[in-house]
Amino acid sequence: MSGGDNGRPAGKGGQAPSRTPHGRRPRNGGWNGNQPKTDAPKRKAVTPRELALNILVKVAESGAYSNIQLNRSLQESGLSRQDAGLATELVYGTISRQATLDHWLSKFVSKGLHKLDKWVHQLLRMSAYQLLFLDRIPTHAAVNEAVAIAKRRGHTGISGMVNGVLRSMDRSRGELVLSAIQEKTPVATIALRHSYPEWLVARWVAAYGAETAEAICAAGNEQPHASIRVNTLLADREERLRQLQDSGLHAEPSAIAPSGIVVSGGGNLADTDSFRQGLWSLQDESSMLVAEVVAPKAGMKVLDCCAAPGGKSSHMAELMDGKGKVWANDLHAHKRELITTQTERLKLRNVEAVVGDAMALSERFAAESMDAVLLDAPCSGFGVIRRKPEIKWTKTEGDISEIAALQRQLLHRVSGLVRPGGTLVYSTCTMEKEENERQIEGFLKEHPEFRLDADWPDAILSNLRDAGVIGDDFDGQLQLLPQHFGSDGFYIARMVKAH
């Protein structure tokens, strides 16, 4: 249940297939996710900024997931693709940068940000984001629309205050630059400069050092690129690559995933005949590595313990040449349809979607009955912050300890299903060592029948070595950081069970 597959709820990353007309790649959600077109007749007139503001207020007040709210609101709005792209950028950018924006706004709001109505605070954040981070948005457009919204929602006093604050910020924009932010400690500087909670930055500085931690934070504020996974049962990557390029898209082979292609300028790739025909799936490049590391062969019996929406299960089925069996399990019954929809689209006949608690899989399946088991574990999800920026502000340090305890139990329960000589792969979409390296270290101490296995596919190892991500000491576990390839932060460990 970690990130990387299109359409996931919290903790499961999606895709953002192309650039908006405003020069920024849109993030997961909205017109560029696996959603219907949004250029249907409007139900009611709404501007992209009004729609974005409504979502920002709802996320702030109720803790709603931004991608789900955005998808729902855009489907109902009737906005053009251009305006939908702007609304998408405003939602994700404002949430991502909110701490930095508040730092700058506080210099111009004399009575204090905490005294503002929530909608006014969000309006100022959203408008400041346009002024300071979106170069292609004219100042007059950002300010005038903010004032108009303030007049419609409030009174003359509020609109006057909004106008004054934004125009003062615009006059001072030369001073409002990230490099000018210098706090008393490296942790505080990184946190404020890149808009992260200090406790999270402190963990990353302790784990990776200040320079790498800052690079992680900076990468988490970038827009994710679009990547597709070719269904190799129907064609090879080179054939699909030529087709995409011939259609006028900018497409290039993934630098890390053997079946991946990075695409830009493609609009809604989920709304294409090729997608509907099962020729490809939308999936993050890091996520694509997981099935490749499992390396299932035709005829094998494979269990994906936390499978929804089915991206990794379907990828393993493709790698097995459609032969053998993949059981795709998920806790929630309503997610079974996500798995079956995906496997049917891909014309896969060797995947069975099942519903159940992963803790109880040993009651459904016989001990040592699986050739390979994948535990794509529930995790803190910090590797997909670019796609779900609100988790910066909603997760706590206590959440990490709680989820690590759950991961530990899951590993113990499902490991007994692996046959002697079989494979156990553990993956997360986070950079937290408590959930990753230390989790596996503890598991191996408790289960000496397992050992790490560095026998990964040669193509993947070559790509990782060429990029300097792994060295000669590679032992079978990998921590991908978002700055490595511009893909999601991911951890993967491959283990084998003794004969």
Flag for Gly174 being assigned by TED's automatic domain parsing to the domain that holds Leu134 and of a type in the set (Gly, Ala, Ser): yes
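When you look at Met288, is it closer than 20 Å to Ile460 by Cα, free of Cβ contacts under 8 Å to residues at least 60 places away in the same chain and either in contact with a helix residue (DSSP H, G or I) (Cβ under 9 Å, 6 or more places away or on another chain) or in the same structural domain as Gly486 (by TED's automatic domain parsing) (or both), yes or no? Walk me through it before giving the result.
Working: closer than 20 Å to Ile460 by Cα: yes; free of Cβ contacts under 8 Å to residues at least 60 places away in the same chain: no; either in contact with a helix residue (DSSP H, G or I) (Cβ under 9 Å, 6 or more places away or on another chain) or in the same structural domain as Gly486 (by TED's automatic domain parsing) (or both): yes.
Answer is no for this residue.
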Residues (closer than 28 Å to Pro296 by Cβ and polar (S, T, N, Q)) located in the range 369-423: Ser369, Ser380, Gln407, Gln409, Ser415, Thr423
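Among the candidates Ser313, Ser259, single out the residue that is closer than 22 Å to Val351 by Cα, hydroxyl-bearing (Ser, Thr, Tyr), assigned by TED's automatic domain parsing to the domain that holds Gln409 and within 22 Å of the chain's Cα centre (by Cα). Quick ask: steps written out before the conclusion?
Values: Ser259 fails: assigned by TED's automatic domain parsing to the domain that holds Gln409.
Every option except Ser313 fails the conditions.
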Qualifying residue in the range 313-327 (condition: outside any helix (DSSP H, G or I), in contact (Cβ under 8 Å) with a residue 60 or more places away in the chain and buried (at least 17 other Cβ atoms within 10 Å of the Cβ)): no
Sole residue being on the phi > 0 side of the Ramachandran plot and surrounded by 15 or more Cβ atoms within 10 Å (Cβ to Cβ), chosen from Ala295, Ala257, Ala210, Ala291: Ala295
Close pairs (7 angstrom Cβ cut-off, 6 or more residues apart or separate chains): without any contact (Cβ under 8 Å) to a residue 60 or more places away in the chain in the range 449-471, of a type in the set (Gly, Ala, Ser) anywhere: Glu449/Ala498; Phe450/Ser415; Leu452/Gly476; Leu452/Ala493; Asp453/Gly476; Ala454/Gly476
Residue in the range 52-74 that is under 26 Å from the mean Cα position of the chain (by Cα), in a helix (DSSP H, G or I), at pLDDT 95 or above and acidic (Asp, Glu) present: no
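Scanning for something closer than 14 Å to Ala52 by Cβ, in contact (Cβ under 8 Å) with a residue 60 or more places away in the chain and not hydrophobic (A, V, I, L, M, F, W, C), does the range 136-146 turn up at least one residue? Reasoning before the result, please.
Start the filter on the range 136-146 by keeping residues that are closer than 14 Å to Ala52 by Cβ, which leaves 137, 141-142, 145-146.
Checking the rest, the ones that are also in contact (Cβ under 8 Å) with a residue 60 or more places away in the chain come to 137, 145-146.
Within this subset, residues satisfying the condition of being not hydrophobic (A, V, I, L, M, F, W, C) are 145.
Within the range 136-146, one or more residues are closer than 14 Å to Ala52 by Cβ, in contact (Cβ under 8 Å) with a residue 60 or more places away in the chain and not hydrophobic (A, V, I, L, M, F, W, C).
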Candidates Ser179, Ser195 - the one that is modelled with pLDDT under 95 and within 30 Å of Leu480 (Cβ to Cβ): Ser179
Considering residues of the range 256-295 that are at pLDDT below 95 and in contact with a Phe, Trp or Tyr (Cβ under 7 Å, 6 or more places away or on another chain) only, the residue farthest from Gly85 (Cα to Cα): Ser274
Close pairs from the range 180-201: first within 18 Å of Phe133 (Cα to Cα), partner basic (Lys, Arg) and assigned to a helix (DSSP H, G or I), Cβ under 6 Å, at least 6 apart: Ile181/Arg193; Tyr196/Lys392
Candidate set: the range 346-395, residues that are among the β-branched types (Val, Ile, Thr) and closer than 30 Å to Asp273 by Cβ; chosen: the one surrounded by the fewest Cβ atoms within 10 Å (Cβ to Cβ): Val351
The range 90-107: number of residues that are farther than 21 Å from Gln69 by Cβ and in contact with a Gly (Cβ under 8 Å, 6 or more places away or on another chain): 1
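The values are calculated or read from the model by the stated rules, or taken from the named source; none is laboratory data. Computed from a predicted model, the values in this text were never measured in an experiment. Ideal geometry is used to build each Cβ from the backbone, glycine not excepted, and the neighbour counts take in all protein chains shown.
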